[in-house]
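What follows is a single structure, written as structure tokens, with notes after it.
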Amino acid sequence: RSRRPRSSRSATVKQFGFPRAIRVTRTGDFARIQGRGRRIHGRRVTLAFDRSRRGETRVGITVSAKQANSPERNRFKRLVREVFRRTRRAWPEGFDYVVIAKEPKAIRSYDDMEIELAGVVRRVGAR
């Protein structure tokens, strides 16, 4: 059986992936970031952030069931993850972030989400 050469796909996936290590997953971390952390308000999202205890930049996402049905909430979360994944280097390092949806239905595309998050992330660096 012939062996195929390894593709560089695995390196690309690792570089641009969304592994568990860069996600805020624990309830206590969400509570700490939203309770003790600072907030920056955008038109459609609020960004809560606090110094990371691990030193790595991580992101969590919250969307209330009262704001949107499950497909709309899932789309919002997918868009946030994709924007973070592609623009991670632009986010100030050493913070844990929680993106809180204000109007999840108003963000229709990747470009809308990128513009919205870029606006609030830029203001994190100014603080």
Restricting to the chain, compute how many DSSP beta bridges are antiparallel as a %, nearest 5.
65
Considering only DSSP states other than H, G, I, E and B, which GluC sites (Glu not before Pro) in region 54-127 qualify as loop sites with at most 12 other Cβ atoms within 10 Å?
Glu56, Glu93
Suppose the chain between Arg53 and Arg108 were pulled fully straight at 0.36 nm per residue; how much longer would it get relative to their current alpha carbon spacing?
16.4 nm
Just want the answer: with Cβ charges of +1 for Lys and Arg and -1 for Asp and Glu, which residue in Val124, Thr57, Trp91 is farthest toward the dipole's positive end in region 49-124?
Thr57
For the chain, take the longest principal axis of its alpha carbons; what is the angle in degrees between that and the long axis of helix 110-125, to the nearest 10 within 0 to 90?
70
For the chain, list log₁₀ I(q)/I(0) at each q in 0.10, 0.16 Å⁻¹, using the Debye formula over Cα point scatterers of equal strength and ignoring solvent, two decimals each.
-0.33, -0.77
As a test of the formula, what do you get for the chain when each DSSP H run with n ≥ 4 contributes -39,500 (n - 2.57) and the sum is divided by the residue count, at 222 nm and rounded to the nearest 500 deg cm²/dmol?
-13000 deg cm²/dmol
Given Cβ point charges of +1 (Lys, Arg) and -1 (Asp, Glu) and nothing else, what value in debye, to the nearest 20, does the dipole of region 16-109 about its Cα centre take?
120
Can you compute 3J(HN,Hα) from phi for each residue in region 27-34, using the Karplus curve 6.51 cos²θ - 1.76 cosθ + 1.60 with θ = phi - 60°, rounded to whole Hz and x for Gly and Pro?
4, x, 5, 4, 5, 4, 5, 6
Share of accessible surface on carbon and sulfur in region 8-127, whole %, 1.4 Å probe and ligands ignored, is 46
Please list Val63, Val98 in order of solvent-accessible area, largest first, computed with a 1.4 Å probe with all protein chains present.
Val63, Val98
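The values are calculated or read from the model by the stated rules, or taken from the named source; none is laboratory data. For clarity, every value in this text was computed on a predicted model and none was experimentally measured. Note: ideal-geometry Cβ built from the backbone for every residue, glycine included; neighbour counts use all protein chains shown. With ligands, DNA and RNA removed, areas are computed over all heavy atoms of the protein, side chains included. Shrake-Rupley method; radii C 1.70, N 1.55, O 1.52, S 1.80 Å.
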